1. At 0.36 nm per residue, and after removing the present C-alpha to C-alpha distance, how many nm does the segment from Asp378 to Ala361 gain when stretched out fully?
2. For labels at Ser23 and Met220 in the simple 7 Å Cα→Cβ model, what's the distance in nm?
3. Give me the compactness ratio for the range 185-244, meaning the Cα radius of gyration over 2.2 N^0.38 Å.
4. For the cross-link pairs Lys177/Lys409; Lys177/Lys226; Lys269/Lys409; Lys219/Lys335, which exceed 30 Å when the distance is taken from alpha carbon to alpha carbon?
5. Kindly state, to the nearest 0.05, the FRET efficiency for Arg347 paired with Arg181, given R0 = 56 Å and r defined as their beta-carbon distance.
6. Once you have a ≥ b ≥ c as the square roots of the Cα gyration tensor eigenvalues for the range 301-340, tell me rounded if a/c is under 1.5, and otherwise prolate or oblate according to whether a/b is larger than b/c.
7. How much length, in nm to one decimal, is gained on full extension between Ala10 and Glu112, taken as 0.36 nm per residue of separation minus their Cα-Cα distance?
8. Ile163: accessible area at probe 1.4 Å, nearest 10 Å²?
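The values are calculated or read from the model by the stated rules, or taken from the named source; none is laboratory data. Keep in mind that what you see is a predicted model, and the values were worked out from it rather than measured. No Cβ is skipped: glycine too gets one built from the backbone with ideal geometry, and neighbour counts run over all protein chains shown. Each accessible area value is taken on the protein alone, full model and side chains, heavy atoms only, with ligands, DNA and RNA left out. Shrake-Rupley method; radii C 1.70, N 1.55, O 1.52, S 1.80 Å.
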Amino acid sequence: MRMSPRTNFARTLLILAGLLIASQVFSYLTIVNYALLPSLQQFNKILAFEVRLMLEEDWTLKDGEVLHLGEPVRRQLLEQIGVTLHAPNSDAAGAYQDAMQIDYLSARMSEELGTPTEVRLVSGEDSYVLWLKFDAIDDFLMRIPLSELHQDDFAPLFQYSLIIALLVIAGGWLFIKMQNRPLVTLERAALDVAEGRFPEPVAPKGASEIQAVTVAFNKMSAGIRKLEEDRALLMAGVSHDLRTPLTRIRLATEMMSPDDEYLADSITKDTEECNEIINQFMDYLRAVQQQDPDPVDLASICRDVANSQQLVGIEMDTELLPLYGELYANSVALKRAVTNLVVNAVRYGNGWVRIRCGSTADHTHQWIEVEDNGPGIDASLEASLFQPFTRGDSARGSEGTGLGLAIVKRIVEQLRGDIRLSSRTEGGLRIQMTFPVNQGRAKS
């Protein structure tokens, strides 16, 4: 399963955060290797000198003179800098058991003194304290307070590092947000064009690459708009030019003699079928979004369509379940879609059609369902049945132009809905349209 961020915003922010963490780690390693470790080595030498001062009585100076220091003198010298000795079983030495062993200092101290030495560190009341235990001398422990090293000294360092990290991430977030803002505007405009609306040209903003994409998008949008206008004009002209001779043919048939009535009826039926084909072409090309959406009542639409299709021999079963939420849509287009489904079901329903409507369990969608008990559709044709000029000829006859379901699908998509087709277990076909509720006019 893919776990990496999918959005450019998240990817860029992740890269910035990764670079920041890498920078912090590199800075830490640099400080440790070039500042802290040399300081620790120097500190270890001074500490070893203090320990030898406690352990050795005779000191050889640079000029070769040997200086003898008695134990009381040595103790007083060490006490001047806070170093004290404690018996392993004393109360003060109890802190040694709770101290944390420092392997680095233990190894270096053992090397400096020539005897295995264990160094431990513990946090005291005011400062850190070092405890030393020598394998060669097990009758006392040495306590060395680090008076200039306080625990609170490290808190500001952590806080400043955290603040800097947060500021860098916040600055990166703001920068990426500003860079992506033109892309968000461009995305909305692209969605409008995809749904049949043509917004005003998007103002080029942001980086030069994004401005270039915006300019190209505006040219593409203008070209698509011109293409849609030309197509609508072409279809309107074709429709007008075809209806004119069809009207003349209709008038001519009405003037035919009664002896030719059978022929007139056939010609009239053909002209009406041609007009219906033209109407379906125009319905398919009509842009739903050019009309403002209004609150619609699916139950009323179902009743109106059912009443208009009450034909002789057709059992129309209407089931209206409770509806929740408010559905905004183009009522004319939605009624046309339901009518197409019902007419199709009546044509193939073998005398029974059911119209149902209701809401989903979470009340976020409303749905309309049309069922029939006809021969159904072969499963191999279900995926392509909503394509223009596609008909389920093998199962449901060859009547119609093949545009009915294509018109329904186009309307449903323009109303931001979903349509599904399935075969009933009892036989027949079931088609369900689902629409989101409470979207209002802002999304029209």
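1. Net length gain for the segment: 3.1 nm.
2. 3.6 nm
3. Dividing the Cα radius of gyration by 2.2 N^0.38 Å gives 1.50.
4. Pairs exceeding 30 Å: Lys177/Lys409; Lys177/Lys226; Lys219/Lys335.
5. 0.60
6. oblate
7. Fully extending the segment from Ala10 to Glu112 adds 31.4 nm.
8. Here the accessible area works out near 90 Å².
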